[in-house]
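Every read-out reported here was derived from the displayed coordinates using simple, explicitly stated rules and does not represent laboratory data. What you see is a predicted model; the values in this text were computed from it and never measured. Using ideal geometry, Cβ is built from the backbone for each residue, glycine included, and neighbour counts are taken over all protein chains shown.
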Amino acid sequence: MDNLYILMLAALAVLAIADLVVGVSNDAVNFLNSAIGSKAISFKTIMIVASIGIAMGAIFSSGMMEVARKGIFNPGEFYFNEIMFIFMAVMITDILLLDFFNTLGMPTSTTVSIVFELLGASVAMALIKISNQGGAFSDVVQYINTSKAADIIFGILLSVVVAFSIGAIVQWVSRILLSYNFEKKPNWVSAVFGGIATSSITYFILMKGIKGTAIAGENLEILGGQTIKDFLETEVWSLILVNLLIWSLISYLLISLAKINIYKFIIVIGTFALALAFAGNDLVNFIGVPIAAWQSYEAWSMSGIPAAEFSMNILAKKVPTPTFLLFVSGMVMVATLWFSKKARYVADTEINLAREGESKERFNPNFLSRGIVRFAMSISNYSQAILPKTWQDKLDAQFQKPVISLSKDKNFELPAFDMVRAAVNLVVAGILISIATSYKLPLSTTYVTFMVAMGTSLADKAWGAESAVYRVAGVLNVIGGWFGTALIAFVAAGIILTIISIGQGTAIGVLLILAIFLLARNYVSYNKKSKEFQAEDSLRKAESSSIQGVIEESANNISNVIRRTQNIYSNAVTGLAKQDLELLKKNKKQGAKLADEIEDLRNHIFYFIKNLDESSVRASDFYISTITHLTDVSQSLDYISKVSHKHINNNHKKLKYNQLKELKELENLFEEELFTKTKVIFENRNFNDIGKVLAVKPTLLKFVSEKIETQVARIRTEETSPKNSTLYFSILLETRDLLNAIMTLLELYYRSYDADITPASVEE
């Protein structure tokens, strides 16, 4: 039996490293977003600053992993073997849950996940013990710290409301005072803002980053024999006032003498502060459980008492964590920060929700988001009706954004928001977390930083009429995920604990193998999706200002569309012939993906036309016509892929042999005479050869018409399935529409191309 627990400790050690990786990948959003979104400093500098903060926070971490030891359950009520089962269930659940959220690109709270996993596993174990002992369900309160769950739920609600509201108010006031021309304000204005911001962040470092560390409990003569913790708690206002005066003076000197941008300075130290606090306080979420398991094993192994009889009262005592383990953990966190792609994916979710203007929206609107936006617009209209016109004009002037001429496809080159908003995000988050720490309120760092960013976005009018309904839907999805985290963590940990309790060593082995498989599958799936997103066959937006330029630029797009058209059409025929539901399902997704990409090109039309001068407006007509024909192509393909999948998915009769034979003939003819030749023409830019393809149009149309007539005759003379006939007719008719759309597109290029004209482009 000893060997089992040794193997469990080894597994927990590996799980701890994995948990550090998935945990940092999710929580990095808390301290990276403001710096990345504002582009105040280079990405490399951001990573260096954050890495230093994480390393220092980990090394000077509390070392008292109290949450994992006794914060959720009463350790004296459990025996050693039960505690080990609880810890194993918690770690397996935590890794899978956090990796799931990382894959989705959704930020969640590692604190909430670990707390509810501990709660779920300990409740499950308590119920098993009560059942075996013949006790009552109400006895579970003896085993569990029931108030902790209520505190966490309260913390979610409090974080959402308070952080969003305060963030919105502070950002609105800041923008009114500073406007978007904040760099042109007098030095003393920036100095005061810098003093307030920097002193707030400094106080945050003291309260959240240092107060909870081991050194904070030491008595210092310089503080009159008080501990650092006691001093921070008793001298709050003195610290705030002194910090404000000192940092205001430093800010003024930095601006006036050193010519340093104080807003960049605020963002740098704010990023450092949040990274420090994250590592110092959230490290317990990743390694607290394995360390508690190791310390439990040490106590049990020296006792000589059987595992099923050794009470875990020892966990109620405070035991410091070795500095070496904290250092190793810090290094793993730093490495994850640099190399984790999922960390950036999670960060992008928040940045895009907070971005100025339009971006590619991830979330679809729902009835709730639409209702909230309508309500907000009603309030806005009402306020405009009661405010004097002069006041409205003055307020609008402060929110007037600088005009930057840049095409939509280069929006990524612009900051998602300016340095004022980035600074407000960091300052408000720091202040709220500091206050919560001081008054022992259960505010989550993740929840606060996210909701502050959303509140400042709203106040800064980043959510316009074009994007508000999508952004609100995104926020609601994230908040829903937070509550989902608690529920899923509780239930999943309870189920896994029950499985482990029944199957013990065998169950643990199977669960570990399953966890590794799921993590590997998610990793492979994520990388595949990332590659697809960055794939060469993604369609590119045109920037040229002449017809010949658009023809040249769009050639790869046309070749790309034709190649994908050939694949989608061929897969539809093959899938129907083989009744391959999986192939048809993938094919339907490919059809939808192509349609979405062409829709993005349609959305780009506005920006394309806006960049043109009057002498090149004819290019816009050509571009619009091209996108229109491509849309017709994608719609036909989308329909063919959907009806094919629907037919097989509903288990309808297979198409008859003659029908499949005719479709195959049609596919081969199109491939030989249309698809292949068109691809070669556009790949090689041999636009004069388009005429050769156009010449076969009557032949192809005649072939399709003959197949339609054949099917009509078949229905009149043979007994056939109505569903089959409907499917076959649908494919033939859409094939004809597909052919006409492609040929019309080719005619447009053939008429417009002139080899003697050099393409012109929009000046950058």
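Taking other residues whose beta carbon is less than 11 angstrom from the beta carbon of residue 126, and scoring Lys, Arg as +1 and Asp, Glu as -1, yields -2. Couplings 3J(HN,Hα) for the range 483-498, derived from phi with the Karplus relation 6.51 cos²θ - 1.76 cosθ + 1.60 (θ = phi - 60°), are 5, x, 4, 4, 5, 5, 4, 4, 5, 4, 5, x, 5, 5, 4, 4 Hz, where x marks Gly and Pro. For residue 335 and residue 184, what does the FRET efficiency come to when R0 = 45 Å and r is the distance between their Cβ atoms, rounded to the nearest 0.05? Rounded to the nearest 0.05, the efficiency is 0.60. Fewest neighbouring Cβ atoms within 10 Å first, the residues 329, 34, 138, 644 line up as 138, 329, 644, 34. Taking amide hydrogens as placed 1.01 Å from N in the peptide plane, the amide H of residue 73 sits under 5 Å from those of 145, each at least 5 positions away in sequence or on another chain.
3J(HN,Hα) along the range 665-682, derived from phi through the Karplus expression 6.51 cos²θ - 1.76 cosθ + 1.60 where θ = phi - 60°, amounts to 4, 4, 4, 5, 5, 4, 4, 6, 9, 10, 4, 4, 5, 5, 4, 4, 4, 7 Hz, with x in place of Gly and Pro. Normalised by residue count, the range 69-120 yields a Cα convex hull volume of 61 Å³ per residue.
Label-to-label distance, residue 236 versus residue 602, with points set 7 angstrom from Cα along the beta-carbon direction: 5.7 nm. Phi angles of the range 184-200 translate, via the Karplus equation with coefficients 6.51, -1.76, 1.60 and θ = phi - 60°, into HN-Hα couplings of 9, 6, x, 4, 5, 5, 5, 5, 5, 4, x, x, 4, 5, 5, 5, 5 Hz per residue; Gly and Pro are given as x. Amide hydrogen proximity for residue 226: with H placed 1.01 Å from N in the peptide plane, the residues at 5 or more positions away or on another chain lying under 5 Å are 220.
Taking amide H as placed 1.01 Å from N in the peptide plane, residue 40 has no amide H partner under 5 Å among residues 5 or more places away or on another chain.
Remark: spin-label model distance residue 625-residue 43 equals 4.1 nm, labels positioned 7 Å along the Cα→Cβ axis.
Relative protection proxy for 447-455, 645-653, from highest mean packing down: 447-455, 645-653 (other beta-carbon atoms within 10 angstrom).
Using a simple spin-label model with pseudo-atoms 7 Å out from Cα toward Cβ, residue 7 and residue 712 lie 7.3 nm apart. Taking the average, over residues, of other Cβ atoms within 10 Å as the packing measure, peptides 180-193, 94-107 rank 94-107, 180-193 from highest down. Past 19 Å, Cα to Cα: identify those pairs from 44/185; 259/461; 578/656; 677/697, in the order given. Flagged as over cut-off: 44/185; 259/461.
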